[in-house]
1. Yes or no: segment 42-54 includes at least one residue that is closer than 18 Å to L160 by Cα, aliphatic (A, V, I, L, M), under 13 Å from the mean Cα position of the chain (by Cα) and in a loop (DSSP other than H, G, I, E, B).
2. On the given criteria, is E109 among the charged types (D, E, K, R), out of contact with any helix residue (DSSP H, G or I) (no Cβ under 6 Å at 6 or more places or on another chain), assigned to a strand (DSSP E or B) and surrounded by 13 or more Cβ atoms within 10 Å (Cβ to Cβ)?
3. Out of everything in segment 155-191 that is charged (D, E, K, R) and within 23 Å of L17 (Cβ to Cβ), what residue ends up being nearest to the chain's Cα centre (by Cα)?
4. Do we have D104 as among the acidic types (D, E), at negative phi and in contact with a helix residue (DSSP H, G or I) (Cβ under 9 Å, 6 or more places away or on another chain) here?
5. Looking only at segment 70-81, which residues are surrounded by fewer than 18 Cβ atoms within 10 Å (Cβ to Cβ) and in contact with a strand residue (DSSP E or B) (Cβ under 6 Å, 6 or more places away or on another chain)?
6. Being closer than 29 Å to R16 by Cα and touching a helix residue (DSSP H, G or I) at 6+ places or on another chain (Cβ under 9 Å) narrows it down to one of Y146, Y139, so name that one.
7. With respect to A141, determine if the residue is touching a strand residue (DSSP E or B) at 6+ places or on another chain (Cβ under 9 Å), under 28 Å from A59 (Cα atoms) and of a type in the set (G, A, S).
8. Within segment 164-172, does at least one residue satisfy the condition of being in a helix (DSSP H, G or I) and within 30 Å of V61 (Cα to Cα)?
Amino acid sequence: MPLLLPARIDAAAAARLFWRPRFGNLYGLWRARPVKRAPDGLPASLELVWMPAYAFRLALVKGQTRSSTWVSVDASFGGFALFERAGVLEEGTLHEDRLPPVFDQAGAETLARQGLLRYVLRKRGVKPVIEATEAVSVYYAPVWVYYYYSIGRKIDLKVLDGYTGSPMGGQMRAAIVNAFIQRRQGHAQPS
């Protein structure tokens, strides 16, 4: 069973978050038209996808003090972050779409070490030395994808973190679009 970051945001909450009044949509006066609507008027063109990521626990040495920290690398576009949710991961089954990783474990570990090194070098004072990789986990994070009509009849998408409910940026949008394109090209090729 794969490790999952639990989805705390359900479809109704995701629809409300995508449609919430804010400056970008003139406080609710101009909303992006969903591709499909539910009977209650909220957008029904929502999809939950699971994005792969790697979690690495790296050992740090600073003088006589030894410690370790968890870092995460997104397996779709290589984004680095300190990972504070290692204790929240749980085993589970995926009923929704799971996108394949673009980076292998070795490439992701290189990105994790480079990202942690950049983070450490920005700190003041004595800097720790990054040593061995103590643990590696592959996990899947929930992402809500909202399909809507942009200018004209073109379909665009917005993405929302299914754990925190915060909007996600252009790199995640591009990673999702690229994964969909690769999947479509894989199905279109004769076997």
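The values are calculated or read from the model by the stated rules, or taken from the named source; none is laboratory data. Keep in mind the model is a prediction, meaning the values are calculated, not measured. Virtual Cβ from ideal backbone geometry, glycine too; neighbours counted across all protein chains shown.
1. Within segment 42-54, not a single residue is closer than 18 Å to L160 by Cα, aliphatic (A, V, I, L, M), under 13 Å from the mean Cα position of the chain (by Cα) and in a loop (DSSP other than H, G, I, E, B).
2. No, not satisfied.
3. Going residue by residue through segment 155-191, those that are charged (D, E, K, R) are 156, 158, 161, 173, 183-184.
Those left that are additionally within 23 Å of L17 (Cβ to Cβ): 156, 158, 161, 173.
On the way: D156: 18, K158: 13, D161: 7, R173: 10 Å.
Checked segment 155-191; the qualifying residue nearest to the chain's Cα centre (by Cα) is D161.
4. So D104 does not fit the description; no.
5. Within segment 70-81, just A81 meets the criteria.
6. Numbers: Y139 fails: touching a helix residue (DSSP H, G or I) at 6+ places or on another chain (Cβ under 9 Å).
Exactly one of Y146, Y139 is closer than 29 Å to R16 by Cα and touching a helix residue (DSSP H, G or I) at 6+ places or on another chain (Cβ under 9 Å), namely Y146.
7. Against the criterion (touching a strand residue (DSSP E or B) at 6+ places or on another chain (Cβ under 9 Å), under 28 Å from A59 (Cα atoms) and of a type in the set (G, A, S)), A141 qualifies.
8. No - not one qualifying residue is present in segment 164-172.
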